[in-house]
Structure formats: C-alpha cells, structure tokens
1. Report yes if some residue within the stretch 71-82 is outside any loop (DSSP other than H, G, I, E, B), within 15 Å of the chain's Cα centre (by Cα) and surrounded by 10 or more Cβ atoms within 10 Å (Cβ to Cβ); otherwise report no.
2. Please determine, by comparing only the residues of the stretch 22-38 that are without any contact (Cβ under 8 Å) to a residue 24 or more places away in the chain and under 17 Å from residue 56 (Cβ atoms), which one is surrounded by the most Cβ atoms within 10 Å (Cβ to Cβ).
3. What number of residues in the stretch 5-43 are assigned to a loop (DSSP other than H, G, I, E, B) and either within 19 Å of the chain's Cα centre (by Cα) or assigned by TED's automatic domain parsing to the domain that holds residue 55 (or both)?
4. Counting only residues that are at pLDDT 80 or above and assigned to a loop (DSSP other than H, G, I, E, B), which one in the stretch 44-60 is farthest from residue 72 (Cα to Cα)?
5. Look through 41, 19 and report the one residue that is out of contact with any helix residue (DSSP H, G or I) (no Cβ under 8 Å at 6 or more places or on another chain), surrounded by 10 or more Cβ atoms within 10 Å (Cβ to Cβ) and free of Cβ contacts under 8 Å to residues at least 40 places away in the same chain.
C-alpha cells in the first residue's frame, strides 16, 4: 500500500530494474468500477449497471492476485465491518 513505491515502479525504465522493483514492491490491481466495455464508454450508466458489467468481466475467470474485484455493498453495517477487520 506504499504509493511512493508504486510510483518508483512506474518510473523505472530498464527491464531489469522493473523486475527487481516488482519483486521488492509487489502491486495488485483492484477493480471497483468499469468505465468502458468492449470499446463502449459506460460512464453515463448508473453505478449499479457499471458494477454488474464489471462483475460480468470477472465471472467465469476466478482471477487471483494481482487481480482483485473489490467487494461492494450499500449496507453500512457490512461496510463498517470491512473497515474494522
């Protein structure tokens, strides 16, 4: 969760340095929304529709690290529990 380390990884240009930094500072891609699907912009769609589209992209693939579909809820108690744990 070190943003500075992520910036150093992004700024590295030599392949060997990139690999070294990737090992030292692993990163994950956390998806919580989708902005475009198959070349079609979906920004005007309501969040619920975009979220369904995003979940559809992950469906059947069971991605693991470094890919993560961020959980989503409208239930305050559930969200509070996530923050506390």
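The values are calculated or read from the model by the stated rules, or taken from the named source; none is laboratory data. Bear in mind that the values here come from a model prediction, so they are computed numbers and not experimental data. Note: ideal-geometry Cβ built from the backbone for every residue, glycine included; neighbour counts use all protein chains shown.
1. In the first step, residues of the stretch 71-82 are kept if they are outside any loop (DSSP other than H, G, I, E, B); the result is 76-82.
Subset that is within 15 Å of the chain's Cα centre (by Cα): none.
No: the stretch 71-82 contains no residue that is outside any loop (DSSP other than H, G, I, E, B), within 15 Å of the chain's Cα centre (by Cα) and surrounded by 10 or more Cβ atoms within 10 Å (Cβ to Cβ).
2. Our first condition is that a residue be without any contact (Cβ under 8 Å) to a residue 24 or more places away in the chain; within the stretch 22-38, this holds for 22-25, 33-38.
Then drop every residue that is not under 17 Å from residue 56 (Cβ atoms), which leaves 33-38.
Numbers: 33: 13, 34: 18, 35: 11, 36: 11, 37: 14, 38: 7.
Only one residue tops the list, namely 34.
3. Start the filter on the stretch 5-43 by keeping residues that are assigned to a loop (DSSP other than H, G, I, E, B), which leaves 12-14, 25-28, 32-35, 38-39, 42-43.
Still in the list and also either within 19 Å of the chain's Cα centre (by Cα) or assigned by TED's automatic domain parsing to the domain that holds residue 55 (or both): 25-28, 32-35, 38-39, 42-43.
Residues in the stretch 5-43 being assigned to a loop (DSSP other than H, G, I, E, B) and either within 19 Å of the chain's Cα centre (by Cα) or assigned by TED's automatic domain parsing to the domain that holds residue 55 (or both): 12 in total.
4. Here is the first cut: in the stretch 44-60, the ones at pLDDT 80 or above are 44-59.
From what is left, the residues that are assigned to a loop (DSSP other than H, G, I, E, B) are 44-46, 59.
Working: 44: 19, 45: 17, 46: 15, 59: 15 Å.
Restricting to residues being at pLDDT 80 or above and assigned to a loop (DSSP other than H, G, I, E, B), the top hit is 44.
5. Values: 41 fails: surrounded by 10 or more Cβ atoms within 10 Å (Cβ to Cβ).
So the residue among 41, 19 that is out of contact with any helix residue (DSSP H, G or I) (no Cβ under 8 Å at 6 or more places or on another chain), surrounded by 10 or more Cβ atoms within 10 Å (Cβ to Cβ) and free of Cβ contacts under 8 Å to residues at least 40 places away in the same chain is 19.
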